[in-house]
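The values are calculated or read from the model by the stated rules, or taken from the named source; none is laboratory data. Note that the structure is a prediction, hence the values are computed from the model and not measured. Positions of Cβ are generated from backbone atoms using ideal geometry, with glycine treated the same way; all protein chains shown enter the neighbour counts. Accessible surface areas use protein heavy atoms only, side chains included; no ligands, DNA or RNA. Shrake-Rupley method; radii C 1.70, N 1.55, O 1.52, S 1.80 Å.
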Amino acid sequence: MLADKIRALCESRGKAVGAVEVACGLSVGAISKWNASSPTVKNLKAVADYFGVTVDELLREEAKE
């Protein structure tokens, strides 16, 4: 799920999810809600830019082995 993928990015880069939300201009808890609802393109792009990845990388499901 999207929020889980973003949490994993945060962990791998030593960032708190809340800090990412603030840096991207999102409300507190916004990313956690993205497993149940879809973010706006603007918000998704802000998070992708923050991490230096593409929106496609955030949305792409990992291939199942």
Zero-based 5 Å bins, Cα pair distances in the chain, whole percents: 4, 18, 32, 30, 11, 3, 1, 0
Protein-only accessible surface order, largest first, of Glu57, Glu21 at 1.4 Å: Glu57, Glu21
Label point distance in nm, Ser12-Thr54, each placed 7 Å from Cα along Cα→Cβ: 1.6 nm
Of all accessible heavy-atom area on the chain, the percent that carbon and sulfur account for (1.4 Å): 54 percent
Lys, Arg +1 and Asp, Glu -1 on Cβ, resulting dipole of the range 1-55 about Cα centre, debye, nearest 20: 60 debye
Degrees between helix 2-13 axis and first principal axis of the chain (Cα, 0 to 90, nearest 10): 80 degrees
Helix-only [θ]222 nm of the chain, DSSP H runs n ≥ 4, -39500 (n - 2.57) each, per residue, nearest 500: -16000 deg cm²/dmol
